[in-house]
Every structure is written in C-alpha cells, then in structure tokens.
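Inspection log for the structure reproduced underneath, given as structure tokens.
The values are calculated or read from the model by the stated rules, or taken from the named source; none is laboratory data. Just so it is clear, the structure is predicted and the values come from calculations on it, not from any experiment. Here the Cβ positions follow ideal geometry from the backbone for every residue, glycine too, while neighbour counts run over all protein chains shown. Ligands, DNA and RNA are excluded from the accessible area calculation, which covers all protein heavy atoms including side chains. Shrake-Rupley method; radii C 1.70, N 1.55, O 1.52, S 1.80 Å.
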Amino acid sequence: MGVILEVKNLTKKFSGLTAVNDFSFEVRRGEFTGLIGPNGAGKTTLFNLISGHEKPSSGTIRFDGRDITGMKPHQIVNLGIARTFQLVRSFRFMTLLDNIAVSCLSPRGKKVAKEYGIDEYASSILAAVGLVDKARIPPIILPHGDLRKLQIGKALGTNPQLLLLDEPFSGLSHEEQKGITDLIIKLHDDGVTVFMTGHVLRELMHLVPRVVAMHQGKYITEGPPQEVANNKIVLEAYLGKGSEQLA
Amino acid sequence: MRIIIKKIAEFPSNFQSYFRDWISTFRAKVTVICLIGLSLVPLLTQNPYFLGIFTTFMIFTIFAASWDFLAGFVGQVSFGQAVFLGVSGYVTAYLIRYLSFPWWLSLVIGSIIAVIFGLIIGIPALRLKGPYLALGTLAMSLIMYQVFLMGSLATMWENAFGTNLFGAEGVSQITPISSDTVVEYFATFLIMSVSLLILTHITKSNVGTIFKAIRDDETGTSASGINTTKYKILAFMISGLFAGVAGGLFAMRFRGVNPGVFQPLYSFYAIIIAAMGGLATISGSAIGALIFVFLGEILRDTQDLSLLIFSIILILFIRFAEHGLLKPTLERIQELWDIVLGR
C-alpha cells in the first residue's frame, strides 16, 4: 500500500491569478479519495496539471515514484493515469465501440487489448459500463448519463492504475448518479485507485472514506468526510464567513 | 505503423472470406460495376482526346482523395495540397527529362519527395489549428510558387547544372507514360484504383479509427493515451504520398510542369472536387472529379468564366448538399435497385 500519487508544492499561475497555490497531498495505492471545494477552487486545474493537459508553474508530481511533472498527456496516460472531463468529451461521429477502441489502441491499452482483440476488448468494456447494447450508435444521440458512462469507459480502455474523475455526477439525475456510483465502486473493488472531485459534498460523503479539501487554490485539510465537513474553513468556503452558527 | 503491417500480414489468410463479405454489400457491387465500366471505356473509343479527359479525371480523383483523406478523416484542413502536387510533378518531370529515368521510377521518387514535404508541412502544422492551419499551408504553397518562379534562381541553376528547373517555363517536353493513350489510360486507371483502395483501407483500419478520433476531439484523443503528434504527421505523409502520385501523373499527362501547379488554385480544385463528391468518403472524389473535369472541358473556351462557375457550384454544394453527391446517389440507386428486384 505505497503512495501512488504524490503532489508536492504544486503551483499554477495564469497571468496574475494563482489557480493552484503551493498544493501538496498524497494518494495511496488502492485508496478511494475525494477532492472537494466550491466552484472555482482550482479542482479542475489540479486535475489538468496531474494529467499533463497544463504545465505547472512550479512544484512536482510523482506517480508510482516517478517524476511526471511536465510530461505530455499521452505519456502520462500510458504510465497508468486516466482521467475524465467535467464537460463530457466524446468522438461524436464514431460508434461507441470505436470511441472505446481509441483508448484500447493506445500503447498501454493495446498491451492488454491485443490478447483478446481490440473490438472484443472494447465491447467487454462497454459491457462493464453498461452500454454494450448501444455499441453501434454514435454518442451524439446519447443521454447525458450514458455519456458520463462512456467517459469512464474511455478511461478504462487505457488500463489505468489511477483513475481521475472530474465531477462524474454533474448534470445527472438521481437514478443516473446511482448507476455511476455503482460503477465507480465496482472499479475500486477491482483494484483501481480512484481520485475524484465533486463540488456538492453530499454525493461524495457517502462514497469516499477520505476527502481532501481545497479552497482558492490552497490545501485546507483532509480526513474522513464527516470531519472535513465540520471544518471551519471548509464551511466558510462553501457558505461564507460567520456560517458556523448556521451549520 | 506496426498496426498497418499487422493488418496486411493478416490479409492473405482470410482474403477469400473478406472478399466474400465485401462483395455482398451494395457499395461493393456499385464499385465493381464502376471499375468495369471504366475499364471498358477504351473499347468504346480510342480517340486520344476522350481518353485524355478520362486520364485527367482519374488523376484529379487521386489528388482530391488525398485532400479528402486529410480533411475528412483527420480533420486537418489544408489549403496547400498543391505543394505536394507541384513538388512531385517537378521531381518526376526533371528525372524523366534530364536523367532519363523510367516513368515509374520517377513517379515513385517524386511521390517519396512529396512524402518528405508532408513531413516538412506536418511538423509546423502541429502547432496550427483550424483556420491557422489553412492559412499556414496556403502560405506554404505561395512560397513554393514564388521560389519556382524566381528568375535569379533559374539562371543560377542553369549555370550550375545546365538544365531548366526554376523559372516561368518550368520543365517541359516530358515523354508521357506511353505514346499509346490506351496504355496511358490503363496505367492511370490501375494506379487510381490501387490508391483509392489503400486510402479506403487505411480509413477502416485501427489507424483510421485514431485519425477519426483526432478529427472529432484532439484533446480527448490525447487523454485516451494516443500520441496525436505522431499520427498527425503520419496523416500528412500519407496525404502527401497520394497527392504526390497525382502530381507525377499530372506532369506526365500534360507533358511538363510550370510554377503554376503550386498556385492555391490547384488546392482549391481538390477542395471543390472533394466537396462535390462528399467529404470523408474517399471514393466520392471520383464523382466530383468526373463532373469537374468534364465540365472544365465543356467550359474550355470560356476559361475565365470556368473558375467563377466552379466557385458558384461550390457555394451551392455547401449550402444545399453538404454531404456531396456520393452518399445520396448511392441511396437513390439502392432504392431503385430494390424496386427493380421487387423487394
């Protein structure tokens, strides 16, 4: 149970605005961790930095003991970190099967996929996320909940060790949330380390045993969700100053 | 690249079943009928003028298909396709004229040089997206045009090698593939069929899946662990190869090349043809080129007007038939076919 992801003094500045400010935390192998913070706290920027979509101004990111700071997104994916996006991304004019197949064709995905055949492996992932009956249709006609599932399927195609889920519940109905929750729990039981964000505390509270709290780009605290939710600064961040009495 | 090799290696073992599956589809039947039809043309007429038009049509088909591959399947809209056409045309013409290479070897070398230019254009193109890529490639073709037009370079080259390369005259008096237009026709026909077959096969392979992913969402593709840079360069090289093949054939068909082939006009031709046939279809280019070349022949006497007319046609296509002619036509034929068979 070693440390799989180690972020140290990570800072990202966008011309004057510091989106992530001297942020440090760790995720251990096999852990199920949440990242909370109000809108604009810098959660997505932090994800972008870890997944290589943006380069940090300073600080280091280590994955599995290896320095991955400043690597390209595809290199990081092939080391074993897959991510989903807050705004769903899909290959709009390709079938769901081909959407997944792209991930299976990445060097890391192919190592596993070629044993079974790309299409067979991609279908098994579609089955795992519950979309196998829609394998031959393009994502443009899918409902939002299915697109969220597709996101996770695309990430799974690369055979990740660490899964970064950026707001996997946003814009979903209660039933759809349930489906995604079950899926994430299943993945975690299969041995994938999961690190996910959410700006609504309630969703994450029941799901993860540990959360890291973030506000205005800064690390605030971490611990069991119940404990973090009662933290003074976290409450202030969500509800404004002088809100302890309200809570 | 390893993926292509694997696919080809698999090919012969199940070729029969692959072919049987393919021929049972409606599209395949239409393709075969069209190919047979084209191969029968020399039986109907051996008039060099008519066969020449058909040869030109097939050359433009390859050229437009190479653009359609890049724009329709990889999403890289280039306005500099003429660079490949011109470079390969010049190399092929020069080798035939001054070094007496056989036509096929010159064509191969010309196309390889075009692939290298694909690499040269591909690398800066990685930093350019959307309209900037179009502008960058457009500038590239204008630069080539001006360089090959330069009088001072022409004199320098002539003094150094005693041959004509640069200058307005270009390289002229090239021997064609064969003095027999029927042989020329069939050589072009074969090269076109193979080119379209390879391009179509690439789009259906695993590499093709990655290309389409890059077209739909580049960031998403890199998040799927794909090195988009590598595949975009590969796409430019493949496109350059086939545009280069077209360029070599073009030089031989018109017995020479001049700096005019680098003009954006030729890139524009490829776009008109591909748009008429339908984007992301590859073989749609054949329909587009057929209309384009024959209409061009009809409008030959009013050449100033022809570009105006083609531009209007392009606008009409973009407005009223954005999917081009191929898919709707195939659907109509299929409906008709079903009626004839009484289904």
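A few notes on this one:
- Calculated FRET efficiency for the pair A:LYS111/A:ASP182, C-beta based, R₀ 22 Å, to 0.05: 0.20
- Residue-averaged beta-carbon neighbours from other chains (10 angstrom radius) around A:102-111: 5
- Hits among aspartates and glutamates - C-alpha to C-alpha of B:LYS327 under 17 Å, sequence gap 8 or more where chains match: B:ASP68, B:GLU335, B:ASP338
- Of the residues B:ALA187, A:LEU150, B:GLN303, the one whose Cα sits farthest toward the positive end of the charge dipole of the protein assembly as shown, with +1 on the Cβ of Lys and Arg and -1 on the Cβ of Asp and Glu, is A:LEU150.
- Taking every C-alpha pair closer than 8 Å and separated by at least 6 residues, the mean separation divided by the residue count of chain A gives a relative contact order of 25 percent.
- Net charge of the neighbourhood of B:SER306, taken over other residues with C-beta under 13 Å away and scored Lys/Arg +1, Asp/Glu -1, is -2.
- Test item: Cα-centred dipole of chain A, Lys/Arg +1 and Asp/Glu -1 on Cβ, debye: 660 debye
- Once you reduce segment B:276-302 and segment B:157-184 to the center of their Cα atoms, the two points are 27 Å from each other.
- Two-decimal ratio, the protein assembly as shown, of alpha-carbon radius of gyration to 2.2 N^0.38 Å: 1.16
- Helical content of chain B, expressed as a calculated mean residue ellipticity at 222 nm, amounts to -25000 deg cm²/dmol (DSSP H runs of 4 or more residues, -39,500 (n - 2.57) each, divided by residue number, nearest 500).
- Between A and B, accessible area buried - total, square angstrom, nearest 100, 1.4 angstrom probe: 1700 Å²
- Where chain B is the region considered: accessible area per residue in Å², 1.4 Å probe: 48 Å²
- Most to least packed among B:326-338, A:73-85 [average Cβ atoms within 10 Å]: A:73-85, B:326-338
- Charging the Cβ of each Asp and Glu at -1 and of each Lys and Arg at +1, and nothing else, the dipole of the protein assembly as shown about its Cα centre rounds to 620 debye.
- Ranked by how many other beta carbons lie within 10 Å on average, peptides B:91-97, A:160-166 from highest: B:91-97, A:160-166
- Virtual spin-label span in nm between B:SER311 and A:ALA127, 7 Å along Cα→Cβ: 5.8 nm
- Computed over chain A, the range of Cα coordinates on each principal axis works out to 56, 39, 37 Å, biggest value leading.
- Helix runs (DSSP H) in chain B reaching 30 Å along axis by Cα, Kyte-Doolittle at least 1.6: B:103-125
- Cut-off 18 Å (backbone N to label point 7 Å along Cα→Cβ of A:ARG202), residues of segment A:168-183: A:168-182
- Selected from A:THR44, A:THR11, A:THR95 as most flexible by GNM, with chain A as the system and alpha-carbon contacts under 10 Å: A:THR95
- The listed peptides B:147-158, A:214-225, ordered by packing as a protection proxy, come out as A:214-225, B:147-158 (highest mean of other Cβ atoms within 10 Å first).
- Spin-label pair A:ASP119/A:GLU26, simplified geometry with 7 Å Cα→Cβ offset, distance in nm: 4.7 nm
- The mean number of Cβ atoms from other chains found within 10 Å of a Cβ in peptide A:157-166 is 1, as a whole number.
- Pairwise FRET efficiency - A:LYS55 versus B:ILE23, Cβ, R0 = 51 Å, nearest 0.05: 0.45
- Of all DSSP beta bridges in the protein assembly as shown, antiparallel share, percent nearest 5: 60 percent
- Across peptide B:208-218, the mean count of Cβ atoms from other chains lying within 10 Å of each residue's own Cβ comes to 5.
- For segment B:81-219, size of Cβ-based charge dipole, Lys and Arg +1, Asp and Glu -1, in debye: 340 debye
- Bins of 10 Å, starting at 0 and running to the largest distance - Cα pair percent for segment B:56-262: 9, 34, 32, 18, 6, 0
- Carbon plus sulfur fraction of accessible area for segment A:89-159, probe 1.4 Å, in percent: 54 percent
- Between B:GLU218 and A:ASN230, the C-beta separation translates, for a Förster distance of 60 Å, into a calculated FRET efficiency of about 0.85.
- Lys pairs, segment A:1-150 - Cα-Cα below 16 angstrom, 8 or more residues apart or on other chains: 9
- 17 Å tail of the calculated P(r), segment A:89-159, as % of Cα pairs: 30 percent
- Solvent-free Debye scattering, log10 I(q)/I(0), computed from the Cα coordinates of segment B:124-201 at q = 0.18, 0.20, 0.22, 0.27 Å⁻¹: -0.93, -0.90, -0.89, -1.05
- Divided by 2.2 N^0.38 Å, where N counts the residues, the Cα radius of gyration of segment A:130-240 comes to 1.19.
- Stretchable slack from B:SER39 to B:ALA321, in nm (0.36 nm times residue separation minus alpha-carbon distance): 98.5 nm
- Simple spin-label estimate for A:LEU17 and B:SER100 gives 7.2 nm between the two label positions (7 Å along the Cα-to-Cβ direction from each Cα).
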